[in-house]
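Undergrad: Below are the structure tokens for one structure; questions will follow.
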Amino acid sequence: MEKKDRLMSLDAFRGFDMFWIMGGEALICTIAALFGNPDFHRSFGHVAWDGLQFMDTVFPTFLFMAGVSFPFSAAKSLERGLTRRQIALRALRRGMTLMLLGLVYGGFLQRLNFADFRIPSVLGYIGFGWMVAAWIYLCVKNVKARIGIVLGILAAVTLFFGFVPAPDATATAVKFSPEWHFGCWLDRTILGAHKLGGAKSLFDNEGFGGLFCTIATAMLGMFAGEIVRRGGVVATGRKALGLLGCAALCLASGLLLSLFYPIVKNLWSPSFVLVVGGYSFAMFALFYWLVDVKGWSRWSFFFQVIGMNSITIYLAQRFIGFGTASKFFLGGVAGLLPEQWGHLVLGLGYVAACWLFLWFLYRKNVFLKV
């Protein structure tokens, strides 16, 4: 979508999601520690294996939002005279570009070590899941058929991994553990030293275990985009209710499925897809209702600036010293304060440095398009 035609609520929601990666997690944990809860990060950050905490929602929600925008961009491309084949080729280019950027983010150019560089990545997962979902959207026009494809993916993954353990599993092995899950076995066998943690690691959290379920996450986002786009661009409360209805359905289905296949972010399990999909639908409904339906948008400008250049800030944090800038300008003040308050000042400085960088790009009308 062009800047003037962008869905403001989607930019705000994307910015809210990226904020937690842009120093928000550390900031909120520092504030919690100041108010007597130094272990807050244990219940806020990522879980070690099964279960779900807030930070586990950030990555899949971003992929969900990548899906939301595609029905709009595809429709505009068709209006400009592009064929579905041409749009599919663009999706291929974007998916491959994201996978390549994932390698760069992982430090491949820094070492150029082909023996053990990490192949899987966050951007690689997003690129693959979104790309295949885009192809399905372009090839299968019937919404019910695409819903059937999502259900088919989740059912196939559930049944396969539910009944097929790792080849070296014992009779008493726990199928959904990192030691005996078939996807984790694939990570160890095929990726070897190219996975997160190297050759000795049991799995990669962007490995084979959840690769196909990323397609379902992106497709859920596309359903959300279709709900908002249906009947024209006019924002209505009815569309927000439709999003909430999808949220309730996904959440109930995911919790029910979790009784058989646990919620495991590291495996991108089908139950994880549905539960976090419910969260994403609900949060998007909230942002959509507040920003687009009610027109209360001023409060969201902070997040919109982040959301309109989300990939930029994700990559920029890898090679721009925002932390160094924070220490340069605020290190003296932080040094005069008690340790925890000093951490808070530097954390605020980090977020401010990131945001001002994005605001400068926003003012110059510079937006990274992949």
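Undergrad: Output the number of the condition that residue 86 fails; it satisfies all remaining conditions of (1) open to solvent by less than 70 Å² (accessible area, probe 1.4 Å); (2) in a helix (DSSP H, G or I); (3) under 24 Å from residue 215 (Cα atoms).
TA: With respect to (1) open to solvent by less than 70 Å² (accessible area, probe 1.4 Å); (2) in a helix (DSSP H, G or I); (3) under 24 Å from residue 215 (Cα atoms), residue 86 is out only on (1).
Undergrad: Something else about it: Got a sec? Which of 289, 296 is outside any helix (DSSP H, G or I) and either open to solvent by 50 Å² or more (accessible area, probe 1.4 Å) or touching a Ser or Thr at 6+ places or on another chain (Cβ under 8 Å) (or both)? If you could, list the steps in order and put the result at the bottom.
TA: On the way: 289 fails: outside any helix (DSSP H, G or I).
Only one candidate passes the filter, namely 296.
Undergrad: Sticking with this one: Can you confirm whether segment 243-256 contains a residue that is open to solvent by 10 Å² or more (accessible area, probe 1.4 Å), modelled with pLDDT of 95 or more and within 20 Å of residue 121 (Cα to Cα)?
TA: No, that holds for no residue.
Undergrad: Give 302, 272 a once-over and let me know the one that is part of a helix (DSSP H, G or I), of a type outside the set (Gly, Ala, Ser), open to solvent by 30 Å² or more (accessible area, probe 1.4 Å) and in contact (Cβ under 8 Å) with a residue 60 or more places away in the chain. Break it down stepwise before answering.
TA: Values: 272 fails: open to solvent by 30 Å² or more (accessible area, probe 1.4 Å).
The unique qualifying residue is 302.
Undergrad: Related question: Among the residues of segment 17-43, write down those that are among the aromatic types (Phe, Trp, Tyr) and in contact (Cβ under 8 Å) with a residue 24 or more places away in the chain. I'd like the intermediate steps shown before the answer.
TA: So in segment 17-43, the residues among the aromatic types (Phe, Trp, Tyr) come out as 19-20, 35, 40.
19, 20, listed by residue number.
Undergrad: Can residue 358 be described as buried (at least 16 other Cβ atoms within 10 Å of the Cβ) and more than 28 Å from residue 33 (Cα to Cα)?
TA: Numbers: buried (at least 16 other Cβ atoms within 10 Å of the Cβ): yes; more than 28 Å from residue 33 (Cα to Cα): yes.
It is true that residue 358 is buried (at least 16 other Cβ atoms within 10 Å of the Cβ) and more than 28 Å from residue 33 (Cα to Cα).
Undergrad: Check whether at least one residue in segment 196-219 is open to solvent by less than 10 Å² (accessible area, probe 1.4 Å), part of a loop (DSSP other than H, G, I, E, B), hydrophobic (A, V, I, L, M, F, W, C) and modelled with pLDDT of 95 or more, and report yes or no.
TA: Checked segment 196-219: no residue is open to solvent by less than 10 Å² (accessible area, probe 1.4 Å), part of a loop (DSSP other than H, G, I, E, B), hydrophobic (A, V, I, L, M, F, W, C) and modelled with pLDDT of 95 or more.
Undergrad: Oh, and also: In this structure, is residue 52 at pLDDT 95 or above, in contact with a Phe, Trp or Tyr (Cβ under 9 Å, 6 or more places away or on another chain), of a type in the set (A, V, I, L, M) and not in a helix (DSSP H, G or I)?
TA: Details: at pLDDT 95 or above: yes; in contact with a Phe, Trp or Tyr (Cβ under 9 Å, 6 or more places away or on another chain): yes; of a type in the set (A, V, I, L, M): yes; not in a helix (DSSP H, G or I): yes.
Yes; evaluated as a whole, the condition is true for this residue.
The values are calculated or read from the model by the stated rules, or taken from the named source; none is laboratory data. Source: prediction; values computed, not measured. Here the Cβ is made from the backbone with ideal geometry for all residues, glycine too, and neighbour counts use every protein chain on show. Surface areas here come from the heavy atoms of the whole protein model, side chains and all, with no ligands, DNA or RNA. Shrake-Rupley method; radii C 1.70, N 1.55, O 1.52, S 1.80 Å.
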